[in-house]
Amino acid sequence: MLSMHSYEDNGKMKDYHYTGPVQHRFSPYAFNGGTVLAVAGEDFAIVASDTRLSEGYSIHSRDSPKCYKLTDTTVIGCSGFHGDCLTLTKIIDARLKMYKHSNNKSMTSGAIAAMLSTILYGRRFFPYYVYNIIGGLDEEGRGAVYSFDPVGSYQRDTYKAGGSASAMLQPLLDNQIGFKNMENVQQAPLTQEKAVQLVKDVFISAAERDVYTGDALKICIITKEGIREEIVPLRKD
């Protein structure tokens, strides 16, 4: 170990010890919280998210929903790093416009999911820090939900939660919609009214326990008539 000597005001000698190189780290990512949720029914799909944008113990915005309309039958929910969410949705929007100009029709929900998978996989060595859930109607008019990981792996689901409160929402959806590990239960088809009420209930519960989820809930209800939106207040502390 190297040391250098200098003298204090009182004439005594003090030591400075060189402890080795210091590495300064910079992370290009930040976690901005938020929760997204999608549910598919027989002839509808629901995509919902809260509107809180935060980082650490700071709230940057109370009006920043994470649901983005892509077509008349498709909505995407993005949570994670807000900067990557904005960049990714702009890229998707540009690709959808190019497709519509080239083919004179809008891209289907399944085709959008496949396209998003290739976009994410193309950035696998410097991935978008975004958890995506697509909700919409398929070619036959049935509800469809597609969930993704940050590097492009995806699958079709009936319901899916993502984001900071996903660990609290997913078990409740498994119980109420999937009827997981339940015996002697009549599995009635999920109606639109029940699905909307269930989404409200799970987000109210999540806002009680997760500091990154709150302020308001935006619900996008997708049917063959179009996309209808609802705003429900959540707790703001």
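The values are calculated or read from the model by the stated rules, or taken from the named source; none is laboratory data. All values reported here derive from a predicted model rather than from experimental measurement. We place every Cβ from the backbone using ideal geometry, glycine too, and count neighbours over all the protein chains shown. Just so you know, the surface numbers come from the protein's heavy atoms only, side chains and all, with ligands and any DNA or RNA stripped out. Shrake-Rupley method; radii C 1.70, N 1.55, O 1.52, S 1.80 Å.
Look at the dipole of segment 143-237 built from charges on Cβ: of Gln176, Leu190, Ile204, the Cα furthest out on the positive end belongs to Leu190. Rounded to whole Å, the principal axis extents of the Cα atoms in segment 79-160 read 34, 31, 19, largest first. Rg/Rh, computed from the Cα trace of segment 193-237 with Rh as the Kirkwood radius, has the value 1.04.
About its Cα centre, segment 23-114 has a charge dipole of approximately 340 debye under the convention of +1 per Lys or Arg Cβ and -1 per Asp or Glu Cβ, with nothing else charged. Taking Glu139, Glu208 and ordering them by how much accessible surface each has at a 1.4 Å probe, largest first, produces Glu139, Glu208. In a DSSP loop and with at most 13 other Cβ atoms within 10 Å, the chymotrypsin sites (Phe, Trp or Tyr not before Pro) in segment 83-145 are Phe125. Which shape class, rounded, prolate or oblate, goes with segment 120-237 when its Cα gyration tensor gives a ≥ b ≥ c as root eigenvalues, a/c under 1.5 marks rounded, and past that a/b bigger than b/c marks prolate? Judged from the Cα gyration tensor, segment 120-237 comes out rounded (a/c under 1.5). Of the peptides 22-28, 145-151, the order by per-residue mean of other Cβ atoms within 10 Å, starting with the highest, comes out as 145-151, 22-28. Extension gain, Tyr57 to Val22, is 9.8 nm, computed as 0.36 nm per intervening residue step minus the present C-alpha separation. By the Cβ distance rule (another cysteine Cβ under 4.7 Å), the unpaired cysteines of the chain are Cys67, Cys220.
Working ranking of peptides 153-160, 77-84 by packing, defined as the average number of other Cβ atoms within 10 Å per residue, highest first, is 77-84, 153-160. Summed over all non-identical Cα pairs, the Kirkwood treatment of the chain gives a radius of 19.6 Å.
Under 24 Å between alpha carbons, and skipping anything fewer than 8 positions from Lys218 in its own chain: which lysines qualify? List returned: Lys66, Lys69, Lys90, Lys160, Lys194, Lys200, Lys236. In sequence order, segment 187-201 has phi-based couplings of 8, 7, x, 7, 8, 5, 5, 5, 5, 5, 5, 5, 4, 4, 5 Hz under the Karplus curve 6.51 cos²θ - 1.76 cosθ + 1.60, θ = phi - 60°, and Gly or Pro positions carry x.
Other residues within the sphere of radius under 15 Å centred on the Cβ of Arg52, judged by their own Cβ, net out at -1 (K and R +1, D and E -1).
Computed over segment 139-204, the range of Cα coordinates on each principal axis works out to 39, 32, 24 Å, biggest value leading.
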